[in-house]
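Let me begin by presenting the structure, written as structure tokens, before commenting on it.
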Amino acid sequence: MDGSLPIAKDAVTPEWMRRRTFAIIAHPDAGKTTLTERLLVAGGALRMAGQVKARGERRRTQSDWMEVEQKRGISITSSVMTFEAGETTFNLLDTPGHQDFSEDTYRTLTAVDSAVMVIDAAKGIESQTLKLLEVCRLRDVPITVFINKVDREARDPFSLLDEIGETLALDLSPVTWALGSGTQFQGCWDMVGNRLIRPQGESGTADGGRSFESLDDPAIEKLVDPSVLEQAREEVALSEAAYPPVDGQSYRDGHLSPVVFGSALKDFCVPELLNLLSRLAPPPRTQPAAPAPVQPDEDRVSGFVFKVQANMDPNHRDRIAFTRLCSGKFTRGMKLKQSRTGKPLAVQNPIFFFARERELAEEAFAGDIIGIPNHGTLRVGDTLYEGTETRFTGIPDFAPEILRKVRLDDPLKAKQLNRALHDLAEEGVTQIFFPRSGSGTVVGVVGQLQLDVLLSRLSAEYGVTAGFDPAPCETVRWVSSDDQKAMADFLKKYPARIADDRDGDPVYLAPSAWDLGRVTDDWTKLSFAKTKERG
Ligand code: G4P
């Protein structure tokens, strides 16, 4: 393959160069869980398929730890799975596929260097795929496409490629090709390694593959049904003429997406995908930060918190800050400075996450994700660093689309509620706003499902039963201005529509979109922002 990267475990290749930190993104049901499972098996992190998700009555992955998500059968929280394959250390970040959690997904995608997009071969691009693509594009995350379920009836490969190419607005480069589909499925052709991978046994899972001169090799005629082979030969020739060969540099620069046709369930082209990621996917990239971007080869340690999860283990009421390292060599016990508070933090018990267990992280490098147990000191968006003051950027809060007032069933629990809302706001499960009028706290979420999660966690983890009432506003905006007088006039004019967010920054509670439009037009010296940078 062209543009391969050095990944040898030797003294010359820096550790960070061997890291591949990526996420799998997909519309629900496209096969993300199955592919995750297969990748872990291929990487030797799981001995048998079927362990990531107990199929049947209940869907679970390692990340499915909450009652509400088990009930709904969807994956809500992001988690991390680290595994090694060959010389490469992979950090696979799980992203919630459900549309209600786009904010969480967005933050997870700030912590990866590339993404694998799983597409159902019968369905093509679906609504959630589109949204996730937009996020990847915002962050310039290079994408590999895995067209899944080729063992089933699939759409015409060229129509799929056309659709994907148009949507991504990138060059595509198919690296494997399916021979037939559905009942006619006869295997896959590895266009880079010139290997034929065929179904074996009753289960029809992939064999180890066999090398040939080319797909035109007459020996293949004994192995594949003539009509399927004839069509595949035509298609592969057409594909090679129509699409550029895969080029690592162009892919890492975000100009080209390699496309793998395969089947996660039957294990077709999963090892090929892993190999491609290992050889071509970007190692840790330069991260946007103030005052200057941080390079992965800098000696000083730096990283940022992209996710906080509380109570992962009900036996230990712990809170884990998932931290993406961006430079340097981290060692356990190290003291790092926290950007938001300026205070030093001794990282005594950092954790690595594997498919089935956690382990103390003695050392870690740029690209690695460590979990830092803490009691609420670390928030999403926080930067941890050595040396020059640094703050990673591009990890925003989004103006919530759903706003509610919290109604307590037992008024004596007001204190617990307050504490719980602060905790959950730090995790990013909800946002909280305190109206200056003194009326009850307003919570804001991006999706309806988050409200259910909120109630369920209030009750399960804090013993607070609560419900929701309509909020006095339809949307919120962070208000700021360089003109202090204009700002003061505004705050004075609308005392009942101003609230403070959890950092004490003012927000405008807009009763309607129309009102917001009017206020924005009238107060030109003010900025009404839809997002707010964290950290
Ligand atoms: P998700 O995490 O993206 O939501 O998808 P998941 O892996 O759960 O897969 C959704 C369904 O698609 C599952 O079937 C799964 O077995 C099936 N599937 C995934 N990859 C392939 C593939 O390559 N080929 C075929 N034929 N099927 C595939 P299900 O019946 O909904 O669930 P289950 O009862 O098998 O768990």
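The values are calculated or read from the model by the stated rules, or taken from the named source; none is laboratory data. These numbers were taken from a predicted model, which means no experiment stands behind them. Ideal geometry is used to build each Cβ from the backbone, glycine not excepted, and the neighbour counts take in all protein chains shown.
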Of all strands (runs of 3 or more DSSP E) fully inside the stretch 279-355, the set with 1 or more residues that are assigned by TED's automatic domain parsing to the domain that holds Phe365 and modelled with pLDDT of 90 or more is 302-310, 319-327, 329-331, 335-338, 344-346
Does at least one position in the stretch 429-437 carry a residue that is within 31 Å of the chain's Cα centre (by Cα) and more than 21 Å from Thr531 (Cα to Cα)? no
Within the stretch 461-477, the residues that are surrounded by fewer than 17 Cβ atoms within 10 Å (Cβ to Cβ), under 11 Å from Ala420 (Cα atoms) and of a type outside the set (Asp, Glu) are Gly463
Does Leu276 satisfy the condition of being buried (at least 22 other Cβ atoms within 10 Å of the Cβ) and part of a helix (DSSP H, G or I)?
yes
(request) Within the stretch 496-509, identify whether any single residue is more than 30 Å from Ala310 (Cβ to Cβ), touching a residue at least 40 places away in the same chain (Cβ under 8 Å) and not basic (Lys, Arg), and answer yes or no. (result) yes
Condition set of a type in the set (D, E, K, R) and within 18 Å of Leu196 (Cβ to Cβ), scope the stretch 253-269, selection nearest to the ligand (Cβ to nearest atom): answer is Lys266
Among Ala414, Ala460, Ala420, the single one that is more than 22 Å from Asp382 (Cβ to Cβ), touching a residue at least 24 places away in the same chain (Cβ under 8 Å), hydrophobic (A, V, I, L, M, F, W, C) and not assigned by TED's automatic domain parsing to the domain that holds Ile320 is Ala460
Exception for Gly342 within (1) of a type in the set (Gly, Ala, Ser); (2) without any contact (Cβ under 8 Å) to a residue 12 or more places away in the chain; (3) in contact with a helix residue (DSSP H, G or I) (Cβ under 9 Å, 6 or more places away or on another chain) falls at (3)
Handout entry: Test result for Gln184, polar (S, T, N, Q), outside the structural domain of Arg324 (by TED's automatic domain parsing) and touching a helix residue (DSSP H, G or I) at 6+ places or on another chain (Cβ under 8 Å)
Key = yes
Filtering the stretch 414-428 down to residues that are more than 24 Å from the chain's Cα centre (by Cα) and crowded, with 18+ Cβ neighbours inside 10 Å yields Leu417, Ala420, Leu421
Of the residues in the stretch 396-405 that are modelled with pLDDT of 80 or more and in contact with a helix residue (DSSP H, G or I) (Cβ under 7 Å, 6 or more places away or on another chain), the one that is surrounded by the fewest Cβ atoms within 10 Å (Cβ to Cβ) is Ile402
Only unsatisfied item for Glu103, checking (1) closer than 30 Å to Asp225 by Cα; (2) away from the ligand (no atom under 15 Å from the Cβ); (3) part of a helix (DSSP H, G or I), is (1)
* Consider Gly444 carefully, then state whether it is surrounded by fewer than 17 Cβ atoms within 10 Å (Cβ to Cβ) and either at pLDDT 90 or above or of a type in the set (Val, Ile, Thr) (or both). => no
Selection from the stretch 8-48 of residues in a loop (DSSP other than H, G, I, E, B), within 16 Å of the ligand (Cβ to nearest atom) and at pLDDT below 85 yields Leu46, Met48
Worksheet item: Taking the stated definitions as given, is Gly504 in the same structural domain as Ala420 (by TED's automatic domain parsing), closer than 21 Å to Asp104 by Cα and small (Gly, Ala, Ser)?
Response: no
Flagged pairs (Cβ under 6 angstrom, 6 or more apart or on separate chains; first in the stretch 127-139, crowded, with 19+ Cβ neighbours inside 10 Å; second outside any helix (DSSP H, G or I) and hydrophobic (A, V, I, L, M, F, W, C)) are Leu132/Ile25; Cys136/Ala115; Cys136/Ile143
Check: Mind checking whether some residue in the stretch 56-78 is within 24 Å of Glu272 (Cα to Cα), modelled with pLDDT of 85 or more and either within 15 Å of the chain's Cα centre (by Cα) or within 16 Å of the ligand (Cβ to nearest atom) (or both)?
Finding: no
Among residues of the stretch 364-395 being over 21 Å from Arg285 (Cβ atoms) and either acidic (Asp, Glu) or modelled with pLDDT under 85 (or both), the residue surrounded by the most Cβ atoms within 10 Å (Cβ to Cβ) is Gly376
